[in-house]
Amino acid sequence: MGEARSAPTVGQMVLGMRLRHLRERAGVSYDAAAKALHVNQTTVRRMEKAEVGLKLPYVEKLLQTYGVGQDEVESFLGLVEEANQPGWWHRFRDVLPDWFSLYVSLEGAASRIRAYEPHFVPGLLQTEDYARALLRIGFPQGTDQEIDRRVALRMERQELLSRPDGPHLWAVMDETVFRLHIGGPQIMRAQIDHLIETVQMPNVTLQVVPFASGPHPGMGGPFQLFRFQIPELPDIVYAEGLTGAGYLDQRTDVAAYLEALDRMGTQATPARRTESFLRGIRKEL
């Protein structure tokens, strides 16, 4: 059997999808693929969904069963070896839950990230002091060392916005974000100053939904939508709720979140006026 894993990397997800496409192209059923590996159909299905590790002997046998040429087999196996390597965030596994490691992997592979945050500045845009104050609230029993590790992880995640091939981040925030004084006025002033600098970046778009605009479709909770240049990957939504969070990739689900983002964008202050809005909030502090 394959090795169970709760959080695949983006690379493993893509290779699982490619295995499915190759099987379907070859006209091989799940049953025939399973017999070639001497396993049950569930194992093959889970390999294609990246719910289990991709073991090289299994992958090689499947590719041969699908009639893939030897050169392509060797190339595919090289991609499997690469995808099976732990991501940079693996060294933070002491403070990074398995379910969130997939989020970090998706974040790093996305070409476009659209986010809605009703209460806090998005993690990719937080200052170190703001992040520390927020994590103190979220993990009140955490030791200083644990909080420092979580802050370090968050700061390292932010480096992707400065990469030449980094994603475009389009974030919509409620005005509530700036009325909750996380860490006190001094930390909030520094955080807003940081956002004022950030809106100058060509790959960052920020909007604020003011109280005066009234209710909007995103009020159920924060969420992020990831879009990729990888052909196999559909848009994926990460949505947080009262009792947990989940990943959605069904077209109808994603379309609902896209519609909500578009409607919120029309209710929010236009992006060209965000800096002015932030400076007004800054003066009040």
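The values are calculated or read from the model by the stated rules, or taken from the named source; none is laboratory data. Here the structure is a predicted model, which is why all the values come from computation and not from measurement. FYI the Cβ positions are ideal-geometry reconstructions off the backbone, even for glycines, and counts take in every protein chain you see. Ligands, DNA and RNA are excluded from the accessible area calculation, which covers all protein heavy atoms including side chains. Shrake-Rupley method; radii C 1.70, N 1.55, O 1.52, S 1.80 Å.
Details
- Leading residue by the ranking (nearest to L106 (Cα to Cα)) among those in the stretch 144-183 that are without any contact (Cβ under 8 Å) to a residue 40 or more places away in the chain and of a type in the set (G, A, S): G166
- When residues of the stretch 165-179 are limited to those that are open to solvent by 10 Å² or more (accessible area, probe 1.4 Å) and assigned to a loop (DSSP other than H, G, I, E, B), the one farthest from S276 (Cα to Cα): D165
- The lone exception for A7 - which of (1) buried (at least 16 other Cβ atoms within 10 Å of the Cβ); (2) small (G, A, S); (3) farther than 24 Å from F226 by Cα it fails: (3)
- Test: residue in the stretch 210-223 that is open to solvent by 70 Å² or more (accessible area, probe 1.4 Å) and under 29 Å from R18 (Cα atoms): no
- In the set (1) without any contact (Cβ under 8 Å) to a residue 12 or more places away in the chain; (2) of a type in the set (G, A, S); (3) under 30 Å from A268 (Cβ atoms), the condition left unmet by S105 is number (1).
- Top-ranked residue of the stretch 180-198 - restricted to ones that are assigned to a loop (DSSP other than H, G, I, E, B) and in contact with a helix residue (DSSP H, G or I) (Cβ under 7 Å, 6 or more places away or on another chain), ranked as surrounded by the fewest Cβ atoms within 10 Å (Cβ to Cβ): H181
- Condition met for G183 (under 30 Å from P8 (Cα atoms) and touching an Asp or Glu at 6+ places or on another chain (Cβ under 9 Å)): no
- Selection within the stretch 153-164 - outside any loop (DSSP other than H, G, I, E, B) and open to solvent by 40 Å² or more (accessible area, probe 1.4 Å): R154, M155, E156, E159, S162
- Scanning the stretch 251-265 for residues that are surrounded by 11 or more Cβ atoms within 10 Å (Cβ to Cβ) and without any contact (Cβ under 8 Å) to a residue 12 or more places away in the chain, we see that the one that is farthest from D98 (Cα to Cα) is D262.
- Checking V28, V14 one by one, the residue that is of a type in the set (A, V, I, L, M) and open to solvent by 20 Å² or more (accessible area, probe 1.4 Å) is V28 and no other.
- Considering G280, G221, the condition of being of a type outside the set (S, T, Y) and either touching a residue at least 12 places away in the same chain (Cβ under 8 Å) or under 27 Å from L160 (Cβ atoms) (or both) is satisfied by G221 alone.
- Candidate set: the stretch 199-209, residues that are hydrophobic (A, V, I, L, M, F, W, C) and closer than 11 Å to T274 by Cα; chosen: the one most open to solvent (accessible area, probe 1.4 Å): V199
- Options Q85, Q126, Q141; residue that is over 21 Å from the mean Cα position of the chain (by Cα) and of a type in the set (S, T, N, Q): Q141
- Filter result for I230 (closer than 24 Å to G108 by Cα and surrounded by 18 or more Cβ atoms within 10 Å (Cβ to Cβ)): no
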